[in-house]
Amino acid sequence: MEILETTESVCPGCLKEGEVKKIDAEVIEEDDKIWLRKSCEEHGDYKAIMFSNPKDYRKWMKYEREGTGVENVDVETLSLYDNHKSQSVLTNLTVTNRCNLRCSYCFMNAGTSGRVYEPSLDEIGELIEQARNIEPVGSKSIQITGGEPTVREDLFKIVEMADEKGFAHIQLNTNGLKVAESEEYAKKVKESAINTLYLSFDGVTEETNSWIEQNKKAIENLREVGFNSVVLVPVLSQENLDEAGDIIRFAQENIDVVRGVNFQPLAFTGRITEVDDDYRKSQRVDYSEMMESLHEQLDGELKSDDWYPVPFVYPISKLVENIKNEKQVEFTANPTCGGATYAFIEDGELLPITRFVDVEGLMKYLESLSERKGRMKKTRIMTSLMSSLSDYIDSEKAPEGLSLKKMLAKSIVSGDYSALAEFHHNALYIGSMWFQDAWNLDVNRLSSCTIQYTTPEGMVPFCAYNGLGVGEEIRERHSIPVEEWEERTGKDLQDELWHGKLS
């Protein structure tokens, strides 16, 4: 056994009793795996898997970066650390906890909680403003989420408000049922400022995904109206791990509409008093297991070596910052927050970008450019880019007709989302984010969280909002009983339920 890092965490036993108790923790290598180990005087020892292959952990941790700090992120309610280190790469905005489904594992929806959390438009305006006012860099990307946001009749007004406040990228997180109902609703999505639709998608069979046919219909409707930026979001457990490769194949077959897959390995949040230790351990899927499974299921087209952690692209934001002489959002999430790759489709097979681009050499080169100073800086950087990018790209192995050099140069020098979209729409994004819960929470990682919720009580890191129940408590304080909501609105909460087959 080797101790790789000392950190702090929380006790799951104490959290079950309603207390967020900070305890010492260690990242260790034991039995050829990477674990988070901790102990509570009252509830005993805990050990949670992080990586089942130490090689993957060591590769990802090489890219750890420390952010320059951020204001306006609530750490006082947690009392787990003093200062938040990373900016908001993505802000989550919960617009309702109502939903047209009643999934057995969901703790958030109003039908389960007995209360409705649904901010008014004025309140949502304040939440949007709060996210844009984060210092030193206002949030530029927002995800409208729930519950199921499409149950709100004023959803597109919320989208319009986010657009007017200057968000460059607006995502809608949805189960897709409303989009599947009619092409007209899909057209509204297309005509709005929504850039990306995050679609819940746990598998390609009814055994793993009870509304697979509705997912397919939603994608068909979006195709008909010309919307081409869907990301499939599978929650990955041992129940559907064997379909992970098929999910990517599904995305590959629908790449004219589906631009990415973002796997989310199972985290245990919400009613953790009901989480049985044996079940928890049996359902976990760590990054290494996920990457190895994809390697096998995709016949070697996608390998563990093709994946890199979020902060790997940190040099890009620093270079854009140097060129534009203004602060940029930094990708300084802890490496264990997630990883990704891009794959192109060539002769019906996946061709990861790592197979024809020296991505590690390229990032080192971009980092050196980010440190350049002096007169005519932008011109000199652009000249260097155009003359040197070819050194990192093997054009003979690259997809036919792909002008990656021009695309990269344009994206980096302009530093805007439209330029990045040109690259994104020529490839399939394949990523994963494993959110933390009481068992695997690392305070060092939490303090570097780059996804934050904007709430009536401040900006809250994602894994505190969900993994520690902070969001549930905030929603409770700002919600009303279902009966009161029904009386105010004249609606019946049950009427919005989808009556298709559920497992």
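The values are calculated or read from the model by the stated rules, or taken from the named source; none is laboratory data. From a predicted model like this one, the values you see are computed outputs, not experimental measurements. Here Cβ is always computed from backbone atoms with ideal geometry, including for glycine, and neighbour counts include all displayed protein chains.
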Original post:
Going by the structure shown, is ARG37 closer than 27 Å to TYR308 by Cα, touching a strand residue (DSSP E or B) at 6+ places or on another chain (Cβ under 6 Å) and either part of a loop (DSSP other than H, G, I, E, B) or of a type in the set (Lys, Arg) (or both)?
Top reply: yes
**OP:** Taking the residues in the stretch 435-475 that are part of a loop (DSSP other than H, G, I, E, B) and over 18 Å from the mean Cα position of the chain (by Cα) as candidates, determine which candidate is nearest to LYS281 (Cα to Cα).
**Re:** TRP439
Original post:
Could we say that ARG65 is modelled with pLDDT of 90 or more, farther than 24 Å from ILE170 by Cα and not in a loop (DSSP other than H, G, I, E, B) here?
Top reply: no
Subject >> Those residues of the stretch 268-308 which are more than 17 Å from LEU236 (Cα to Cα), of a type in the set (A, V, I, L, M) and in a helix (DSSP H, G or I), in sequence order >> reply: ILE272
**OP:** Looking for whichever is basic (Lys, Arg), closer than 29 Å to VAL275 by Cα and in contact with a helix residue (DSSP H, G or I) (Cβ under 8 Å, 6 or more places away or on another chain) here; the options are LYS38, LYS22, LYS47. Which one fits?
**Re:** LYS22
Original post:
Which one of ASP256, ASP242 is in a helix (DSSP H, G or I) and either closer than 21 Å to MET50 by Cα or more than 20 Å from the chain's Cα centre (by Cα) (or both)?
Top reply: ASP242
Original post:
Restricting the first residue to the stretch 273-299 and requiring it to be in contact (Cβ under 8 Å) with a residue 24 or more places away in the chain, which pairs with a second residue that is among the charged types (D, E, K, R) and buried (at least 19 other Cβ atoms within 10 Å of the Cβ) meet a Cβ separation below 7 Å and a spacing of at least six or different chains?
Top reply: TYR287/ASP56; SER288/ASP56; MET291/ASP56
**OP:** Working only within the stretch 115-151, note down all residues that are surrounded by fewer than 16 Cβ atoms within 10 Å (Cβ to Cβ), touching an Asp or Glu at 6+ places or on another chain (Cβ under 9 Å) and either charged (D, E, K, R) or within 20 Å of GLU476 (Cβ to Cβ) (or both).
**Re:** GLU135
**OP:** Return only the number of the condition from (1) at pLDDT 90 or above; (2) more than 19 Å from PRO461 (Cα to Cα); (3) surrounded by 18 or more Cβ atoms within 10 Å (Cβ to Cβ) that LYS55 does not satisfy.
**Re:** (3)
Original post:
Pairs under 9 Å by beta carbon, first residue exposed (fewer than 14 other Cβ atoms within 10 Å of the Cβ) in the stretch 359-371, partner aromatic (Phe, Trp, Tyr), six or more apart or different chains?
Top reply: GLY361/TYR392
Subject >> Filter pass, SER210 being at pLDDT below 95 and not hydrophobic (A, V, I, L, M, F, W, C) >> reply: yes
**OP:** Those residues that are more than 24 Å from TYR185 (Cβ to Cβ) and in contact with a Ser or Thr (Cβ under 9 Å, 6 or more places away or on another chain), I need them from the stretch 134-150; list them, please.
**Re:** ILE134, PRO136, VAL137, GLY138, SER139, LYS140
